[in-house]
Structure formats: C-alpha cells, structure tokens
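The values are calculated or read from the model by the stated rules, or taken from the named source; none is laboratory data. Remember, predicted model here, so these are calculated numbers, not experimental data. Note that each Cβ is placed from the backbone with ideal geometry, even for glycine, and that neighbours are counted across all protein chains shown. In case anyone asks, the SASA skips ligands and DNA or RNA and just uses the protein heavy atoms, side chains included. Shrake-Rupley method; radii C 1.70, N 1.55, O 1.52, S 1.80 Å.
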Amino acid sequence: MQTQIGQLQIPVNPLLCARVDAVAPPDCIQRAVVKRPIRRQSAHDYRRDSAVEIVQDLERDGMELFGLTRGQFSLSDLIEALLEKIGPARMEISTWTAAHADVERMMLLMESGKVRACRWLVDQTFVRRVPELAARIRETFGDDSIRVTRTHAKFVTLRSEGWAVALRSSMNLNQNPRLESFQVAHDPELCDFLSAALDDVWRRQDKSLSLASTSDQLKWYRDHG
C-alpha cells in the first residue's frame, strides 16, 4: 500500500491504516483517561544526577519533575530514593518485566518496613519467563499481590503519611543502561486514577490466573476480551 505526496510514492504501514483490536479485555479498565492541568518544574539536566539528588526537588506544590536518565540510575533507584524522602509507604507497581535483583530489592524494602504493602501488575509473559519470581512475589507480598495481563505500562504509586506519589517511566523494573524518561509528582488524583485501573483488574481477575498455564491464561483473555 502506498500514498501519493507530490511526486513521491510513500509506503504506508498497514498497521497504521487498519483497525487494531485490543489485546486486553476491553472493560478491564473502566476509566481510561484523566484530564487535569499540568505544572512542571523548569528544565533541569539530570544526566549526571543520582536518583537521590533528583527526588530532593520533589515537593507537594503541584509541580511535576520530568527528566531523562542515560542509565546512571534505575526505576528501583528512584523508588528507594522516594521512600527515603516520604517514609514508609504502600506501593503499587505496573511493569512489563522485572529482573531478579530488582525484585529482591523490593523484597528487602518490604522486610525493612519501608514498604508496608505492595501489589504487582505484570505482563502475562513475565509469569511464563520467570515463574520463580512470580512465586516469590506471592510469598513476600501476599497471595493476592500479583495479577497478569497483556501490558506494557510502567508506573508506580507510593502512599505514605502526607504523600501520594505517582512515578511514571519508560523503565521496566530492571537495569536500564540506556536513555529512559521519568515523571514523578505528589499527585493524589493521578494516584487514585492509577489505583482504580489496578482495582478493575483485581476485581475482574481471580488471583489463580497468575498461577495458570500460558494456554489457560490465553483462553481466559479470549473469553473475556
């Protein structure tokens, strides 16, 4: 397929022209968009800063920190730095994948009391690729702490006394020696929005699905999609 622009014949990606069916259940998230004003901190060079230095600038003033990392810190580093700033918190994580070392770091945060509770939304392939990690998440954070879906969304919420921090990032929960982006703010409304999305998944999906075989999971998606 091609389109004409002047004298040029430009190939057209058929995926951009055709209707694409959703691969996640269409009603698994009841509210898919939130609209609100945005205030961002003025431009800042995060190329040499550590995660701790970055979150020092976080305030409960409606300002959002947005930056790029060139691999000098990871999503886990940001989470740990935020917990040092806001104190013990309840956490939610959505990630496509997670590395053994980073899951271990989250477990240590739970054991130390810095994380009071945590629930995980992971991609269906994560459970297939590293079933031992999914099992350890259930053992450490509770039998109802993990759900699976077809996801590429990466975000974290952290709620402590006086703080409701939303952290969005291009980073998975692993080491990221590459250019990545992040946004972090004290934003109760956004935290509520993200938590509601997870609530929808937890309400629709029994915890046993994360223990099911890949074929059974795919059947569930077909039946509910």
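Tabulated values for the structure
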| quantity | calculated |
| --- | --- |
| Pairs of alpha carbons in region 55-110 whose separation is greater than 20 Å (percent) | 30 |
| Neighbour cut-off at most 15 other Cβ (10 Å), DSSP loop, trypsin sites (Lys or Arg not before Pro), region 144-225 | ARG178 |
| Stokes-Einstein D in µm²/s, Kirkwood radius over Cα pairs - region 53-148 at 37 °C with 0.692 mPa s viscosity | 227 |
| Gain upon complete extension [ALA101, ASP199; 0.36 nm per residue less C-alpha separation] | 32.5 nm |
| Distance between modelled label sites at ALA212 and ASP57, nm, 7 Å Cα→Cβ extension | 4.5 |
| Residue-level accessible surface for THR151, protein heavy atoms, 1.4 Å, Å² | 20 |
| Sparse-neighbour loop sites [GluC sites (Glu not before Pro); region 125-225; at most 16 other C-beta within 10 Å; DSSP] | GLU161 |
| Stokes-Einstein D (µm²/s) once Rh is taken as the Kirkwood radius of region 125-220 over alpha-carbon pairs, at 37 °C in 0.692 mPa s | 217 |
| For region 205-221 and region 69-114, distance of Cα centres in Å | 27 |
| Extension gain from GLU139 to SER112, taking 0.36 nm per residue of separation minus the Cα-Cα distance | 8.1 nm |
| Amide H contacts of ARG40 (H built 1.01 Å from N, under 5 Å, at least 5 apart or other chain) | GLU64 |
